[in-house]
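These notes concern the structure reproduced below.
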Amino acid sequence: MIENIPTHDDFYKTGRELLDLSWGMIAKLLVNLDDAEYYGIDPEEVSEEYWSLAHRQLTTSLAITQQGIEFLIKGRICEISPYLLITDSPTKWPSPHEGIPIDFSKFRTIDAQDLIRVHDTFAAVNFDSEFVNKFNELRESRNVIMHSISASLDVQVGEVIDSLLYMHNSLFPDESWAKVRKQALESSPNSELGSVDFLSNEVNRELSIIVNLLSPSKVKNYFKIDKKMRAYFCPDCYYEANHDVDFDYKLARLMSKEESCEEIYCPICDLDYEVSREKCSNEEEECPGNVISDVYGICLTCGQH
Ligand SMILES: [Zn+2]
Ligand SMILES: [Zn+2]
């Protein structure tokens, strides 16, 4: 008998935690660079040197991303049967004759290089070839990172972000990464130190920076918003934000280009909100806005009541 058999949820939870750790490292680098501008430093001027000094952080976060993806794929295999994760021939298994149940962790489990093969053998639908190629590329990069101290592997920040988002999106097409990130921040150790007050600010800020970096088609794919359409405040994100500091992050987009469209989507909340198409009453600033939140009554262009 075997005890402590892992479930697919255990693997998914750990996989997402690792992706979040990787994302957090990258977001911090980007936010710090963005902060530099505030202190009068031209980000363009420091950029190259900055990213070369960040080499170790970039490679580490790529390696953690790969580790996270491996857990997620193990979760997929586990959905079929956790026993498929056990490798080695039965003669090498721990003895079942000791009179006590065998802990699952005592078994050797399959290597990263065999994950796709095992999954595709038993799953109803194979992983598509693009996913498999990306997974193998990532695995090779990780091996270079973990087994050499040379700086030969040139890892770009955009590459780490794109790998992570692509993999997450392929495995969980119905899940909003931005929402997963917000939930992870809510339960991070920093939330015990009061960071929750600025949670909406933080998650909106990092996502705004990253949306700026990505191409419109990738933004559409990963965050389900059209970057080229006019941007608005999300009613809930704006309401939850701490306004002791400036909050000017607009990530929400109307659901269609129709003038009569009365729904707005926020990728962080992963929700549609109802809006009224009325002219903003903020005359002081001559706000051109005509998208008003039904729940809070605020103009989603200028934030005024
Ligand atoms: Zn929102
Ligand atoms: Zn307004």
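Picking from residues in segment 177-216 that are open to solvent by 20 Å² or more (accessible area, probe 1.4 Å) and not in a helix (DSSP H, G or I), the one that is modelled with the highest pLDDT is SER215. For segment 278-291, give me each residue that is closer than 17 Å to LYS250 by Cβ, surrounded by fewer than 16 Cβ atoms within 10 Å (Cβ to Cβ) and either more than 32 Å from the chain's Cα centre (by Cα) or within 16 Å of ligand 1 (Cβ to nearest atom) (or both). GLU285, PRO288 - these are the residues of segment 278-291 that are closer than 17 Å to LYS250 by Cβ, surrounded by fewer than 16 Cβ atoms within 10 Å (Cβ to Cβ) and either more than 32 Å from the chain's Cα centre (by Cα) or within 16 Å of ligand 1 (Cβ to nearest atom) (or both). One residue stands out among those in segment 234-252 that are under 16 Å from ASP272 (Cα atoms) and open to solvent by 20 Å² or more (accessible area, probe 1.4 Å): the one that is farthest from ligand 2 (Cβ to nearest atom), which is ASP236. Just one of the listed residues (ILE116, ILE5) is among the hydrophobic types (A, V, I, L, M, F, W, C) and open to solvent by 40 Å² or more (accessible area, probe 1.4 Å), namely ILE5. Candidates are the residues of segment 253-264 that are in contact with a strand residue (DSSP E or B) (Cβ under 7 Å, 6 or more places away or on another chain) and farther than 30 Å from SER163 by Cα; the one that is surrounded by the fewest Cβ atoms within 10 Å (Cβ to Cβ) is GLU263. Of all residues in segment 265-305, those satisfying the criterion of being polar (S, T, N, Q) and either within 12 Å of ligand 2 (Cβ to nearest atom) or touching a helix residue (DSSP H, G or I) at 6+ places or on another chain (Cβ under 8 Å) (or both) are SER281, ASN282, ASN290, SER293, THR301, GLN304. Which residue out of GLU262, GLU240 is under 17 Å from CYS299 (Cα atoms), in contact with a Ser or Thr (Cβ under 8 Å, 6 or more places away or on another chain) and away from ligand 1 (no atom under 16 Å from the Cβ)? Residue meeting the stated conditions: GLU262.
Identify the residue in segment 39-89 that is in a loop (DSSP other than H, G, I, E, B) and free of Cβ contacts under 8 Å to residues at least 40 places away in the same chain and, among all such residues, is least open to solvent (accessible area, probe 1.4 Å). Steps first, answer last, please.
Residues of segment 39-89 that are in a loop (DSSP other than H, G, I, E, B), as a first pass: 39-42, 54, 81, 87-89.
Remaining after also requiring free of Cβ contacts under 8 Å to residues at least 40 places away in the same chain: 39-42, 87-89.
Values: TYR39: 169, GLY40: 68, ILE41: 77, ASP42: 68, THR87: 37, ASP88: 52, SER89: 55 Å².
Checking each candidate, the answer is THR87.
Is it the case that segment 217-233 has a residue that's open to solvent by 40 Å² or more (accessible area, probe 1.4 Å), within 16 Å of ligand 2 (Cβ to nearest atom) and either basic (Lys, Arg) or assigned to a loop (DSSP other than H, G, I, E, B) (or both)? So far as segment 217-233 goes, yes, one or more of its residues are open to solvent by 40 Å² or more (accessible area, probe 1.4 Å), within 16 Å of ligand 2 (Cβ to nearest atom) and either basic (Lys, Arg) or assigned to a loop (DSSP other than H, G, I, E, B) (or both). Among (1) closer than 14 Å to MET229 by Cβ; (2) surrounded by fewer than 20 Cβ atoms within 10 Å (Cβ to Cβ), there is one condition ASP294 misses while meeting the rest; what is its number? With (1) closer than 14 Å to MET229 by Cβ; (2) surrounded by fewer than 20 Cβ atoms within 10 Å (Cβ to Cβ) applied to ASP294, the lone miss is (1). For GLU98, are the conditions met, namely being within 27 Å of PHE172 (Cα to Cα) and either modelled with pLDDT of 95 or more or open to solvent by 40 Å² or more (accessible area, probe 1.4 Å) (or both)? In short, no.
Please determine whether any residue of segment 170-184 is over 30 Å from TYR265 (Cα atoms) and more than 16 Å from ligand 1 (Cβ to nearest atom). Within segment 170-184 (the criterion being over 30 Å from TYR265 (Cα atoms) and more than 16 Å from ligand 1 (Cβ to nearest atom)), the answer is no, since none of the residues qualifies.
The values are calculated or read from the model by the stated rules, or taken from the named source; none is laboratory data. In this text, all values refer to a predicted model and were calculated from it rather than measured experimentally. Cβ atoms come from the backbone with ideal geometry, glycine included; neighbour counts cover every protein chain shown. Ligands, DNA and RNA are excluded from the accessible area calculation, which covers all protein heavy atoms including side chains. Shrake-Rupley method; radii C 1.70, N 1.55, O 1.52, S 1.80 Å.
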